[in-house]
Amino acid sequence: MRFKAVTGKQIIFGYDFTGRPALYLLPSRQNTDGPARQIQYTVWMLERCIDVMPAGVESLDLLIDYADKAKNPSLGTARAVLNILQSHYPERLGLAMILNVPFLLNAFYKLITPFVDPVTRLKMRFNPKAIEEDIFAPDQITTSWGGAINFDYKHEEYWPALVSMTNERRARWTENWTAMGATVGLKESDYKKEKDVVKTDEAQAETVQSSTADA
């Protein structure tokens with residue numbers, strides 16, 4: 001996955017007021033040929049968002065910015081991503097915020113709307129005011145979305161920090177889940193609940209965010 005991330009086309013940064021992590025999608029930085037690889041990387045990043053969710057939070061925000069002459073994905077790719085979200089991650093999407101939508105992309109979204117279930121459709125917001133609408137605090141969202149953070153993606157710093165933090169968390173959650181019986185039906189909030197590691201988690205998250213963000 002490393003080579004797919006070098007441009008910073010997808011970034012996990014910040015949390016909204018409800019504690020949901022934000023996954024930024026920047027289509028203008030797309031460097032992967034073929035829809036299959038694009039979808040594979042998106043799913044991998046969705047899984048990393050789950051790793052950084054605090055106990056009690058089970059959904060995420062998608063922040064899609066079509067600035068800088070971004071190319072829209074094919075209809076087939078968009079349908080495939082929607083199918084994955086709706087079929088395999090049905091309750092994971094908190095909000096889908098879409099910014100800088102030009103005329104052609106607006107028409108494109110109208111084409112895929114029939115494939116979006118009504119619940120997901122209600123979670124889509126076009127050109128939102130993330131700060132004014134009290135979705136994010138200024139220090140938890142980038143300047144392109146009206147926030148205070150100037151995020152300069154540095155792959156050699158961000159990538160190893162993200163992979164290290166999420167690997168460690170996932171191993172710990174798996175160990176906890178196993179200790180609790182490793183049965184289907186265990187609540188995610190239960191096996192993620194550990195008071196003694198909260199400060200460590202916060203420090204790790206700060207390392208990932210501060211590695212490339214300057215107020």
task = Would you check if there is a residue in segment 87-95 being modelled with pLDDT under 95 and touching a Phe, Trp or Tyr at 6+ places or on another chain (Cβ under 8 Å)?
result = no
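Based on this model, can you work out whether THR166 counts as among the polar types (S, T, N, Q), touching a helix residue (DSSP H, G or I) at 6+ places or on another chain (Cβ under 7 Å) and surrounded by 12 or more Cβ atoms within 10 Å (Cβ to Cβ)?
yes
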task = Among residues belonging to segment 61-79 that are outside any loop (DSSP other than H, G, I, E, B) and modelled with pLDDT of 75 or more, point out the one that is farthest from the chain's Cα centre (by Cα).
result = ASP65
inquiry  = Restricting to segment 1-28, name every residue that is in a helix (DSSP H, G or I) and more than 16 Å from the chain's Cα centre (by Cα).
reply    = ARG2, PHE3, SER28
message = What pairs come out if I take residues in segment 3-19 that are under 16 Å from GLU133 (Cα atoms) and pair them with residues that are in a loop (DSSP other than H, G, I, E, B) and acidic (Asp, Glu) whose C-beta lies under 9 Å away, six or more apart or interchain?
response = PHE17/ASP134
Residue check for ILE135: crowded, with 18+ Cβ neighbours inside 10 Å and closer than 19 Å to GLU91 by Cα = yes
GLY14 on the phi > 0 side of the Ramachandran plot, surrounded by 20 or more Cβ atoms within 10 Å (Cβ to Cβ) and modelled with pLDDT of 95 or more = yes
query = Residue check: is THR143 surrounded by 11 or more Cβ atoms within 10 Å (Cβ to Cβ) and among the β-branched types (Val, Ile, Thr)?
reply = yes
note = Among (1) over 21 Å from MET45 (Cβ atoms); (2) modelled with pLDDT of 85 or more; (3) of a type in the set (Lys, Arg), LYS110 falls short only on (2)
task = Enumerate the pairs (first residue in segment 151-180 and free of Cβ contacts under 8 Å to residues at least 60 places away in the same chain; second residue anywhere and of a type outside the set (Phe, Trp, Tyr) and in a helix (DSSP H, G or I)) with beta-carbon separation below 6 Å, excluding pairs fewer than 6 apart on the same chain, so at least 6 apart or on different chains.
result = ALA161/THR207; ALA161/VAL208
key: Residues of segment 89-100 that turn out to be touching a residue at least 24 places away in the same chain (Cβ under 8 Å), surrounded by fewer than 17 Cβ atoms within 10 Å (Cβ to Cβ) and not charged (D, E, K, R), as a count   = 2
key: Criterion: at positive phi, at pLDDT 75 or above and in contact with a Phe, Trp or Tyr (Cβ under 9 Å, 6 or more places away or on another chain) - qualifying residue of ASN83, ASN100   = ASN100
Hits in segment 98-129 - residues which are touching a Pro at 6+ places or on another chain (Cβ under 9 Å) and assigned to a loop (DSSP other than H, G, I, E, B) = ASP117
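The values are calculated or read from the model by the stated rules, or taken from the named source; none is laboratory data. These figures come from a predicted structure and were not determined experimentally. Because the Cβ atoms are built from the backbone with ideal geometry, glycine has one as well, and the counts that use them run over all protein chains shown.
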